[in-house]
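The values are calculated or read from the model by the stated rules, or taken from the named source; none is laboratory data. All of these numbers come straight from a predicted model, not from anything done at the bench. Positions of Cβ are generated from backbone atoms using ideal geometry, with glycine treated the same way; all protein chains shown enter the neighbour counts. These area figures cover heavy atoms from the full protein model, side chains too; ligands, DNA and RNA do not enter into them. Shrake-Rupley method; radii C 1.70, N 1.55, O 1.52, S 1.80 Å.
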Amino acid sequence: MADLNKMTIAAARDALRKGDVTSAELTEACLGEIEGSGALNAFVHNTPEIARAQAAAADARLKAGDAPDMCGIPLGIKDLFCTKGVPSQAASNILKGFKPEYESTVTSQLFDAGAVMLGKLNMDEFAMGSSNETSAYGNAVNPWRRENDATPITPGGSSGGSASAVAADLCLAATGTDTGGSIRQPAAFTGITGIKPTYGRVSRWGVVAFASSLDQAGPMTKDVRDAAIMLEAMCGHDAKDSTSADLAVPNFEAMLTGDIRGKKIGIPREYRMDGMPAEIEKLWAEGTEMLKAAGAEIVDISLPHTKYALPAYYVIAPAEASSNLARYDGVRYGHRASLAAGDGITEMYEKTRAEGFGHEVQRRVMVGTYVLSAGFYDAYYNRARKVRTLIKRDFEDVFAAGIDAILTPATPSAAFGLGEMSEADPIAMYLNDVFTVTVNLAGLPGVAVPTGVDSQGLPLGLQLIGRPWEEGDLLNTAYALEQAAGFVAKPHKWW
Ligand code: GLN
């Protein structure tokens, strides 16, 4: 079989079971592809020995029969996941040299199911960013380019390495995490599928914390079926995460019938932003038509507090981050600054944090500390929490009125050139999250599905937002959209 690295999880699973291919072969195909992919800077720590050992174990298990769906599937793992004995730096210099003594729940569930780890993937530092440009490893690069234009393009962020690796077929799929859009925005920028599940669906244990009330892990895959298969393996109750839900995990793949007749799809008027590019408007209108043609009922809806979501997010996320990142003090993990004679513990903290954290992380820590400070707590943090409740209520109201899913653009533009936004006012970068942060604030599941290309040939995605805990239903609607859109474009290989 040729091009094993290009396979979907579903195709590889079926071929593995039939004995048409081995996990060792799939793994070698991906490892070979990774070797030639330095220009993408997607993988930041390669783990070929682990991959080969896991592949051999998977092949033995497959031979014995009754192997789970993920058995033998080569994956990339975002650097935010703690992987035992393997560098896990959250793309930060402050975690340089950190090799966890433990395995995150998500990765241990995937490995227990027989999945293979090819290595760790690039990302924005501590998952703060929308372009992968805040990474201590340097940015990952999107395998897509504008037509007749060699400008390097961002894969989005923060899961930029995951997106780039999946889009470039360096692995069959990857893990991502999403606090304000970090699975969905990079998925949309690279023409792949990414789902952020309901808050509490996937354990956060062993995932380096950014904003604990918003963080969720999810799969980034080549199509919707793969997202369903991989999500099932990542989900489930975990006593080690007190926010993990004790709910049964359905067979999401079995719910992909493509039948959405009679489903009510809401189109929120507040997502029609001023200055939205015509191409995004057009894509959204086309997606709406596709769902309608598949038998769904299209309903105009209102989510009136949408305009407050971005400001509320950029108070709550930094507040939680400033608290979560207090633990990086040069004592317990990773980097410690070298000290001058006479330096005390305060200098040690200050120098370590000044050296270890990049600019964006420092900005978030400062904003977060400010909004939590005694004099400003009520004015900023408490007010943002109240706004969050109103945003959540907006969604509850439309779901109570019978809406099954909400269709929006995933991003306000196609992927931009690396460097094009990083010099700008940070607010310009934050605007990337305008369609995605509401979903994290409300704790809902959201999925990005590639649906078209822009005039320069770059992929564009739409987002579907679902009812809490109904990822299966949401994925089925995404599946119907995927079938109708028929997005099959691939980046031309230049790396
Ligand atoms: N881009 C957003 C931020 O910088 C979201 C990041 C994320 O989801 N991890 O906070």
Of the residues in segment 108-148, those that are of a type in the set (A, V, I, L, M), in a loop (DSSP other than H, G, I, E, B) and more than 30 Å from K63 (Cβ to Cβ) come to M123, M128, A136, A140, V141
G368 being surrounded by fewer than 13 Cβ atoms within 10 Å (Cβ to Cβ), touching a residue at least 40 places away in the same chain (Cβ under 8 Å) and either in contact with a strand residue (DSSP E or B) (Cβ under 8 Å, 6 or more places away or on another chain) or in a helix (DSSP H, G or I) (or both):
no
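Could you run through segment 355-379 and say how many residues are of a type outside the set (A, V, I, L, M, F, W, C), under 28 Å from A90 (Cα atoms) and more than 16 Å from the ligand (Cβ to nearest atom)? Full working, then the answer.
Within segment 355-379, the subset of a type outside the set (A, V, I, L, M, F, W, C) is 355-356, 358-360, 362-364, 368-370, 373, 375, 377-378.
From the residues that got through so far, the ones that are under 28 Å from A90 (Cα atoms) too are 355-356, 358-360, 362-364, 368-370, 373.
Among the residues that remain, those that are also more than 16 Å from the ligand (Cβ to nearest atom) are: 355-356, 369-370, 373.
Final tally of qualifying residues: 5.
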If we scan segment 198-212, do we find a residue that is surrounded by fewer than 20 Cβ atoms within 10 Å (Cβ to Cβ) and under 26 Å from L458 (Cα atoms)?
no
Report whether or not L170 is more than 16 Å from the ligand (Cβ to nearest atom), under 28 Å from E28 (Cβ atoms) and assigned to a loop (DSSP other than H, G, I, E, B).
yes
Return the total of residues in segment 368-419 being within 26 Å of V299 (Cα to Cα), of a type in the set (D, E) and out of contact with any Leu (no Cβ under 6 Å at 6 or more places or on another chain).
3
Looking at D246, D259, which one is in a loop (DSSP other than H, G, I, E, B), within 29 Å of L303 (Cβ to Cβ) and either within 16 Å of the ligand (Cβ to nearest atom) or open to solvent by 30 Å² or more (accessible area, probe 1.4 Å) (or both)?
D259
Please go through segment 315-347 and pick out each residue that is assigned to a helix (DSSP H, G or I), open to solvent by less than 60 Å² (accessible area, probe 1.4 Å) and of a type outside the set (G, A, S).
V315, I316, P318, E320, N324, L325
Looking at Y271, is it modelled with pLDDT of 95 or more and touching a Ser or Thr at 6+ places or on another chain (Cβ under 9 Å)?
yes
Evaluate segment 85-93: report whether one residue or more is touching a residue at least 40 places away in the same chain (Cβ under 8 Å), of a type in the set (S, T, Y) and over 19 Å from W495 (Cβ atoms).
yes
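Yes/no matrix, rows are residues, columns are (1) over 17 Å from the mean Cα position of the chain (by Cα); (2) within 16 Å of the ligand (Cβ to nearest atom):
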{"residue": "S131", "(1), (2)": "no, yes"}
{"residue": "A136", "(1), (2)": "yes, yes"}
{"residue": "V141", "(1), (2)": "no, no"}
{"residue": "R145", "(1), (2)": "yes, no"}
Does segment 121-128 contain at least one residue that is acidic (D, E) and more than 16 Å from the ligand (Cβ to nearest atom)?
no
How about segment 204-243: which of its residues are within 16 Å of the ligand (Cβ to nearest atom) and part of a loop (DSSP other than H, G, I, E, B)?
R204, V208, A209, F210, A211, S212, S213, L214, D215
What pairs come out if I take residues in segment 417-439 that are closer than 30 Å to I406 by Cβ and of a type in the set (A, V, I, L, M) and pair them with residues that are away from the ligand (no atom under 14 Å from the Cβ) and not in a helix (DSSP H, G or I) whose C-beta lies under 8 Å away, six or more apart or interchain?
V434/M273; V439/P445; V439/I465
Please state which one of I77, I50 is assigned to a helix (DSSP H, G or I) and out of contact with any Pro (no Cβ under 8 Å at 6 or more places or on another chain).
I50
